[in-house]
Amino acid sequence: MNHILLLFGLYFIQGLPYGVQTGFLPVYLRSKGISLASVGAFKLLLLPWFLKGLWAPLVDRFASKASWLRGSVAAMFVTCLFISCIHPDDTAVLCALLFLFNLFSATQDVAVDGLAIQLLDGAELGAGNTAQVVGYKSGAVMASGLTAVEQTLGWTGVFAALAAVYFAALLVLQGRVKDGECTSPDGQTKGDKSARDDYKGHQSALRNVHAEVMNTEGTVWVAVFVLIYKLGSHQSLSKHRF
């Protein structure tokens with residue numbers, strides 16, 4: 001159960017950037033007179049989520065999951081601090097920081113999925129999957145409602161509060177997830193090495209499936225269609241909000 005709560009928290013903070021960009025920012029920017037077309041263009045900053053598979057092998061091959069997790073969460077903490085210090089009218093800087101926010105969050109997603117493989121045994125997979133879905137959705141929904149917080153704390157207060165959440169998560173990771181092993185309050189540990197030994201057994205098969213899929217005629221065009229469809233779907237939902 002301790003593992004499930006840890007994963008729930010990690011997936012919760014992972015959902016915050018999505019909620020900020022699809023819920024909070026569209027409402028905020030429209031309230032400042034930004035056009036729907038410009039608001040929709042901000043969805044392109046979610047591109048790291050579609051491309052995270054390109055650097056996912058690096059997360060598996062280099063350093064530990066704990067290191068990647070601490071690094072990505074620390075980077076999101078710093079990014080939120082920077083966003084809290086800028087004026088939202090500075091579009092170029094805001095877009096760059098939001099892109100980095102999504103990049104670090106997507107990297108955290110890869111690392112926390114790897115952590116879940118290390119922590120959970122077969123009997124816990126169902127609960128782990130529930131923690132993933134509910135945690136991520138809860139974080140996204142909470143971040144979508146930051147408009148009410150902004151009316152009280154302002155732009156700076158919103159992102160300072162998000163930075164505080166990531167800082168708290170960083171402290172939890174420091175105490176609960178260490179390099180080479182994952183520690184729970186009851187003293188149980190699971191190491192990176194044993195998890196990698198299990199995982200490597202599946203890598204060859206996964207590579208073969210990946211190669212077969214990519215060599216199938218029309219795969220690239222289907223991927224492009226899905227990307228355009230998802231972006232269009234989010235844009236359509238955004239229009240209904242206004």
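The values are calculated or read from the model by the stated rules, or taken from the named source; none is laboratory data. Given the structure is predicted, the values throughout are model-derived calculations rather than measurements. Positions of Cβ are generated from backbone atoms using ideal geometry, with glycine treated the same way; all protein chains shown enter the neighbour counts. The area values use the complete protein model at the heavy-atom level, side chains included, leaving out ligands, DNA and RNA. Shrake-Rupley method; radii C 1.70, N 1.55, O 1.52, S 1.80 Å.
Couple of notes before you dig in:
- Accessible area of segment 1-129 belonging to carbon and sulfur atoms, whole % at 1.4 Å probe: 71
- Ligands, DNA and RNA are left out, and with a 1.4 angstrom probe the accessible area of segment 1-105 is 42 Å² per residue.
- Expressed in units of 2.2 N^0.38 Å, where N is the residue count, the Cα radius of gyration of segment 13-71 is 1.50.
- Using only alpha-carbon positions in segment 94-152, the gyration tensor eigenvalues give semi-axes of 28, 17, 6 Å once each is multiplied by 5 and square-rooted (largest first).
- Reduced Cα scattering model of segment 22-146, Debye log10 I(q)/I(0), q = 0.14, 0.22 Å⁻¹: -0.72, -1.40
- Loop-located chymotrypsin sites (Phe, Trp or Tyr not before Pro) in segment 98-134 whose Cβ has at most 13 other Cβ within 10 Å (DSSP): none
- Å³ per residue enclosed by the Cα convex hull of segment 37-100: 82
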